[in-house]
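Read through the structure below, which is laid out as structure tokens, and then see the notes.
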Amino acid sequence: MYWTLELASKLEDAPWPATKDELIDYAVRSGAPLEVIENLQEIEDEDDIYESIEDIWPDYPSKEDFFFNEDEY
């Protein structure tokens, strides 16, 4: 299983919290790339509830990871 920012961004609007099956269903219905669906199918914990993409991909960057000063604009 591998994630990139582009792949993970396909799940930003998913109906969180969600189970593995709900996320796969959302990915299929939203037309996400096949890699997203394959990554979700590789998740081993079938019955877990995932609160956000960070539960699936812990390295997903948050807004604090970007050095963007909103006060300058």
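The values are calculated or read from the model by the stated rules, or taken from the named source; none is laboratory data. Fair warning: this is a prediction, and the values are worked out from it, not measured in the lab. Cβ coordinates were reconstructed from backbone atoms using ideal geometry, including for glycine residues, and neighbour counts include every protein chain displayed. Each accessible area value is taken on the protein alone, full model and side chains, heavy atoms only, with ligands, DNA and RNA left out. Shrake-Rupley method; radii C 1.70, N 1.55, O 1.52, S 1.80 Å.
Applying the selection to the range 17-52, what residues are open to solvent by less than 60 Å² (accessible area, probe 1.4 Å) and hydrophobic (A, V, I, L, M, F, W, C)?
Within the range 17-52, Ala18, Leu23, Ile24, Ala27, Ala32, Val36, Ile37, Leu40, Ile43 meet the criteria.
Any idea how many residues of the range 29-47 are under 15 Å from Met1 (Cβ atoms) and modelled with pLDDT of 90 or more?
So the answer is 12.
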